[in-house]
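Following: one structure in structure tokens, then a few remarks.
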Amino acid sequence: MSVIVKNVVKNSPVYKTGIKAGDTLISLNGNEIMDVLDYRFYENDTKIAVAFINAKGKTVTKTVKKSEFEELGLEFETYLMDKQRSCKNKCIFCFIDQLPKGMRESLYFKDDDSRLSFLFGNYITLTNITEHEIERIIKMHISPINISVHTTNPELRVRMMKNKNAGAVLSVIERLNDAGIDMNCQLVLCPHINDGAELERTLGDLIKKEHIKCIAAVPVGLTKHRDGLEKLEPYCKDTAAAVLDIIEKYNEKCKENYGEARVFGADEFYLKAEREIPSAKHYGDFLQLENGVGLWSLFKSEVLEALDNCDITPNAREISIATGVAAYPLINELSDRINKKFPSVKIDVYKIQNNFFGPLITVAGLVTGSDIIEQLKDKKLGTHLYIPSAMLRYENDRFLDDVTVEELEKALGVTLVPVNNDGYEFLGKLLGEEN
């Protein structure tokens with residue numbers, strides 16, 4: 001495979017080689033370039049033989065000298081230099097299969113691309129990984145790799161993911177572990193399917209692998225749009241507590257073997273079980289924040305630390321916060337503490353029920369603009385309404401239901417302020433540091 005050059009950066013190391021937009025890059029130092037991982041790995045050499053096919057169809061090789069981490073200067077049509085690979089599974093718990101019709105097209109794309117695991121932290125199932133990709137991960141020592149495991153029972157994994165190749169995951173994990181590739185594993189748990197004895201089997205298998213650094217157990221998310229899909233139960237207080245008991249049991253084994261906890265339950269399990277969420281210290285390096293593991297503790301510790309060290313005198317202001325059902329108790333508690341230290345800052349916190357996806361979806365990141373408008377249209381909001389930036393797409397301009405920031409501001413007559421998941425930023429913005 002070869003890739004088409006879209007642009008050559010002016011005055012870059014490769015600029016004087018004669019390669020131009022439209023030419024085809026073949027190899028770097030004799031190594032075939034198939035995508036961004038090949039390119040980024042081999043461009044780090046200080047002396048590179050760049051082989052390409054020019055507009056006349058002639059193969060040309062030019063030698064480029066540069067510093068070790070200096071970029072060559074080639075740009076391509078897409079970041080991956082290839083098409084993003086889609087998922088071939090039909091997992092019984094897949095959230096995308098539970099989306100209502102009529103949302104923007106990009107939301108329905110399921111990725112399962114090993115390159116995105118390394119580049120952006122995406123989770124992959126290993127069901128469509130090729131031998132070439134496995135060998136490349138090992139050769140380049142691409143680490144860490146994030147893997148959606150769910151179960152190490154081959155037959156159960158095939159059933160849950162509806163893919164005949166799903167049962168081979170352990171052999172790939174074994175190879176990566178033997179090669180010293182660090183891995184973070186995710187388990188989406190479904191009551192009475194892959195929890196209980198099956199969860200014990202999975203954790204028993206995974207914690208034996210020294211290079212599996214973190215295992216996160218996440219409860220299945222169930223929307224109200226499940227017509228035609230397999231019937232699944234949500235977690236309740238007792239079933240969530242049972243999961244946490246198993247996690248605690250295997251963490252004791254991890255502490256004996258590795259001197260640290262490596263198995264974690266998502267914050268949602270603690271909330272459902274009505275148990276206290278562990279302190280920030282429990283989560284070590286917070287390797288799975290994106291799975292809601294330790295998010296609550298880290299955010300709380302950051303806000304309280306920022307509050308203790310804050311000695312400004314903010315101007316008087318009346319503001320409001322909209323959050324999801326799960327985070328409401330924490331945001332309300334922190335807002336009360338802020339108001340206690342700074343009485344001039346009046347904060348109203350509103351819990352938004354998820355009518356769009358259904359009441360079982362309680363995380364703030366899945367709250368939609370239409371639900372905020374409907375539930376806050378007659379509420380006292382003050383001058384600014386603060387929301388987690390996770391409610392908005394990457395460009396920070398619209399919600400999942402395509403309601404734009406401008407539309408919400410107009411409907412509610414308030415300035416909307418997205419806040420990143422950072423306790424210091426949260427406090428600063430509430431006290432008036434909008435920028």
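The values are calculated or read from the model by the stated rules, or taken from the named source; none is laboratory data. Just so it is clear, the model here is predicted, and its values are computed rather than measured. So basically every Cβ, Gly included, is an ideal-geometry build from the backbone, and we count neighbours across all protein chains shown. We work out accessible area using only protein heavy atoms, side chains counted, and drop any ligands, DNA or RNA first. Shrake-Rupley method; radii C 1.70, N 1.55, O 1.52, S 1.80 Å.
Some notes on this structure:
- Residue, most open to solvent (accessible area, probe 1.4 Å), within region 36-51, restricted to residues that are more than 24 Å from the chain's Cα centre (by Cα) and acidic (Asp, Glu): Asp45
- Within region 314-325, the only residue that satisfies the criterion of being touching a Phe, Trp or Tyr at 6+ places or on another chain (Cβ under 9 Å) and at pLDDT below 95 is Pro314.
Residue-by-condition table, conditions (1) modelled with pLDDT of 95 or more; (2) over 28 Å from Leu107 (Cα atoms); (3) open to solvent by 30 Å² or more (accessible area, probe 1.4 Å):
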residue: Gln375; (1), (2), (3): yes, no, yes
residue: Tyr386; (1), (2), (3): yes, no, no
residue: Arg398; (1), (2), (3): no, no, yes
residue: Glu409; (1), (2), (3): yes, no, yes
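- Leu289 meets each of the listed conditions (1) open to solvent by 80 Å² or more (accessible area, probe 1.4 Å); (2) touching a residue at least 60 places away in the same chain (Cβ under 8 Å) apart from (1).
- Inter-residue pairs, beta-carbon under 8 Å, first under 20 Å from Gly382 (Cβ atoms) and in region 396-422, second crowded, with 16+ Cβ neighbours inside 10 Å and of a type in the set (D, E, K, R), 6+ apart: Val405/Arg398; Val417/Lys429; Val419/Glu425; Val419/Lys429
- Residue within region 158-166 that is in contact with an Asp or Glu (Cβ under 9 Å, 6 or more places away or on another chain) and either surrounded by fewer than 18 Cβ atoms within 10 Å (Cβ to Cβ) or not aromatic (Phe, Trp, Tyr) (or both) present: no
- In region 29-37 there is no residue matching the filter, namely being at pLDDT 90 or above and part of a strand (DSSP E or B).
- Flag for Arg40 being closer than 30 Å to Lys164 by Cα, at pLDDT below 85 and of a type in the set (Lys, Arg): no
- Filter result (touching a strand residue (DSSP E or B) at 6+ places or on another chain (Cβ under 8 Å) and not in a strand (DSSP E or B)) within region 42-82: Tyr42, Glu43, Asp45, Thr46, Asn54, Lys66, Leu72, Gly73, Glu77, Met81, Asp82
- Considering region 175-219, the residues that are among the hydrophobic types (A, V, I, L, M, F, W, C) and open to solvent by 10 Å² or more (accessible area, probe 1.4 Å) include one that is farthest from Asn153 (Cα to Cα), namely Ala179.
- Among the conditions (1) within 30 Å of Leu229 (Cβ to Cβ); (2) modelled with pLDDT under 90; (3) among the charged types (D, E, K, R), the only one that Lys90 does not satisfy is (2).
- Residue match in region 321-334 (condition: touching a strand residue (DSSP E or B) at 6+ places or on another chain (Cβ under 7 Å), within 30 Å of Met183 (Cα to Cα) and either of a type in the set (Gly, Ala, Ser) or assigned to a helix (DSSP H, G or I) (or both)): no
- Phe52 being at pLDDT 90 or above and touching a Cys at 6+ places or on another chain (Cβ under 7 Å): no
Results for (1) surrounded by 21 or more Cβ atoms within 10 Å (Cβ to Cβ); (2) closer than 25 Å to Ile372 by Cβ; (3) touching a residue at least 12 places away in the same chain (Cβ under 8 Å), shown as yes or no for each residue.
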residue	(1), (2), (3)
Lys255	no, no, no
Arg262	yes, no, yes
Arg275	no, no, yes
Ser279	no, no, yes
Asp285	no, no, no
Glu302	no, yes, yes
Asp308	no, no, no
Pro329	no, yes, no
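- Residue pairs whose Cβ atoms lie under 6 Å apart, separated by 6 or more positions or on different chains, with the first residue in region 143-162 and closer than 17 Å to Val263 by Cβ and the second of a type in the set (D, E, K, R) and not in a loop (DSSP other than H, G, I, E, B), are Thr151/Arg157; Thr151/Glu198; Thr152/Asp205.
- Leu119, sole failed condition from (1) aliphatic (A, V, I, L, M); (2) modelled with pLDDT under 90; (3) over 17 Å from the mean Cα position of the chain (by Cα): (3)
- Residue within region 345-361 that is at pLDDT 95 or above, of a type in the set (Gly, Ala, Ser), open to solvent by less than 20 Å² (accessible area, probe 1.4 Å) and outside any loop (DSSP other than H, G, I, E, B) present: no
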